[in-house]
Structures are given as structure tokens and as C-alpha cells.
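Student: Dropping the structure in here first, questions after.
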Amino acid sequence: MTSLILASTSRYRRELLERLRLPFDVARPDTDETPRDGEAPAALAQRLAEAKAAAVAAQRPDAWVIGSDQVAEFDGRPIGKPGGREGAIAQLSAMSGREVRFCTGLCVLRDGGPALSELDVTVVRFRELTAAEIERYVDAEQPFDCAGSFKSEGLGIALFDAVESRDPTALIGLPLIATARLLRRAGYALP
């Protein structure tokens, strides 16, 4: 079978892709992630997923490449990773009792071929959070490298009232249901 490459150095995406039990390599995509003026979060996530896959596919034309990008949307605007404790506390305080949309773009691409792409949108409804709960959570899990300041695969799940999603892995950064579907279309044998 043709080589498979994950165009990401995210440990979260790597751990998710390992669940499909296909051999793969990882490569860092050289991609400008700056949003374009007026670009909607969903469009940004899809564009970046395709750009990441294309950047790696151009260097490895013999391989299928998976690109993925996630953009969190709060009040119609993209929100990024908090970067530290104070940023995480501020994000979670603002999102308390509110909804946040997580747009995850996915692209499977082989250089010279058509892009196989999908977009997953997951809606997270936060419960009302006290300042003490937020601080306890942030200190316990330190979600500083996660958009939205939580890890849903860990203690962060306790912050939610509900999650609406077609794919529970999308919120972690790589929608495996869609990834498996696109890999089958690319010719990979999966159950």
C-alpha cells in the first residue's frame, strides 16, 4: 500500500490516527495559518486542512497525506489556544454557560490528485462554571495547548452540559469516522 503521512506534529492527532492501525509517518507542514480577512472559522479550518495536506504531498508525491485543522468559534469569532494559565481561565470564564462550535477540517490528498475533504462541526455547551471550578480544572489539566482551554478526553468533559457531534474524536482534533471514510475512498482497507 502507498505510504500514509499525517501532516501534523500534534500528539493528539497522532494518537487518534494510531487507532486505525495503519502504518504512517508524521511530517510538519510548512503552512501559514493566518486567517484571511472576513474568513469564517469553518472555511478557515477547511482551507488549513487542505493547505497542510498539500504542503506535505508536494514533498512526498508517492504518499497519501492527511491534513486536519480545528478552529474554535465563540460568538462568531475564532478563538485560539490560551497559551497559559491566565488565558485558559479567561476563555473558560467567557464560555461558562455558553456554546462553542469546533470546526474540524479534514483532507486526504495525494499530490496531483483530487482532494478528499470533509468538515465536522461539534457544538459544546458549557455548564455554568464557578471561578473556583475553572481554576481547579486549569490547575489540574493545564490545557494551554488546546483551543477552548479544555481536554474533552480527560477531566475537561466535566465542564460540559452537552456535546453535539457526529464524531466524538473530532473534538480532540481528528474526526476518525470521516478519516476512515476518506481513507477507504483512497484505497485503504479498513473494517
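Student: Using bins 10 angstrom wide from zero, how does P(r) for the chain break down, in % of all Cα pairs?
Tutor: All Cα pairs, binned at 10 Å, distribute as 10, 37, 33, 17, 4, 0 percent.
Student: Could you state the accessible area per residue of the range 47-191 in Å², with a 1.4 Å probe and every protein chain left in place?
Tutor: Spelled out: the 1.4 Å probe surface of the range 47-191, per residue, equals 43 Å².
Student: With no solvent and one equal point scatterer placed on each C-alpha of the range 144-191, evaluate the Debye formula and give log10 I(q)/I(0) for q = 0.17, 0.19 Å⁻¹, two decimals.
Tutor: For the range 144-191, the Cα-only Debye profile gives -0.60, -0.69.
Student: Roughly to the nearest percent, how much of the accessible area of the chain is carbon and sulfur, given a 1.4 Å probe?
Tutor: For the chain, the apolar C and S fraction of the accessible surface comes to 49 percent.
Student: Quick one: what Rg and Dmax do you get for the range 20-128 from the alpha carbons, in Å?
Tutor: 16.0, 50
Student: Just check the range 91-191 against the gyration tensor rule for me: Cα atoms, a ≥ b ≥ c as the square roots of the eigenvalues, rounded for a/c under 1.5, and otherwise prolate or oblate depending on whether a/b exceeds b/c. Please report the intermediate quantities before stating the final value.
Tutor: Values: a/c = 2.84, a/b = 2.68, b/c = 1.06.
Prolate is the answer for the range 91-191, as a/c is 1.5 or above and a/b outweighs b/c.
Student: On to the next question. Divide the volume of the convex hull of the Cα atoms of the range 1-66 by its number of residues and quote the answer in cubic angstrom per residue.
Tutor: Cα convex hull per residue, to the nearest whole number: 88 Å³.
Student: A follow-up question, please. Residue by residue, what Karplus-based ³J(HN,Hα) values in Hz, rounded to whole numbers, does the range 148-160 have, using 6.51, -1.76 and 1.60 with θ = phi - 60° and x for Gly and Pro?
Tutor: Going residue by residue, I get x, 6, 8, 10, 5, 7, x, 5, x, 4, 6, 7, 9 Hz, with x marking Gly and Pro.
Student: Could you tell me, in Å, what Rg and Dmax come out for the Cα atoms of the range 73-144?
Tutor: Using the Cα atoms of the range 73-144, the pair Rg, Dmax is 16.1, 53 Å.
Student: Restricting to DSSP H runs of at least four residues, report the calculated mean residue ellipticity at 222 nm for the chain, -39500 (n - 2.57) per run over all residues, nearest 500 deg cm²/dmol.
Tutor: Counting only the DSSP helices, I get -9500 deg cm²/dmol.
Student: So, one more: Of Ala90, Ala186, Phe160, which is farthest on the positive side of the dipole of the chain, counting Cα position, with +1 on Lys and Arg Cβ, -1 on Asp and Glu Cβ, and the Cα centre as origin?
Tutor: Ala186
Student: Can you tell me the relative contact order of the chain? Whole percent, Cα pairs under 8 Å, sequence separation 6 or more.
Tutor: Averaging sequence separation for qualifying contacts and normalising by length gives 22 percent for the chain.
Student: For the chain, which span is the longest to avoid every loop-located (per DSSP) member of trypsin sites (Lys or Arg not before Pro) having at most 10 other Cβ atoms inside 10 Å?
Tutor: 37-191
The values are calculated or read from the model by the stated rules, or taken from the named source; none is laboratory data. What you see is a predicted model; the values in this text were computed from it and never measured. Note that each Cβ is placed from the backbone with ideal geometry, even for glycine, and that neighbours are counted across all protein chains shown. For the accessible areas, the whole protein counts, side chains as well, though only heavy atoms, and no ligand, DNA or RNA atoms are used. Shrake-Rupley method; radii C 1.70, N 1.55, O 1.52, S 1.80 Å.
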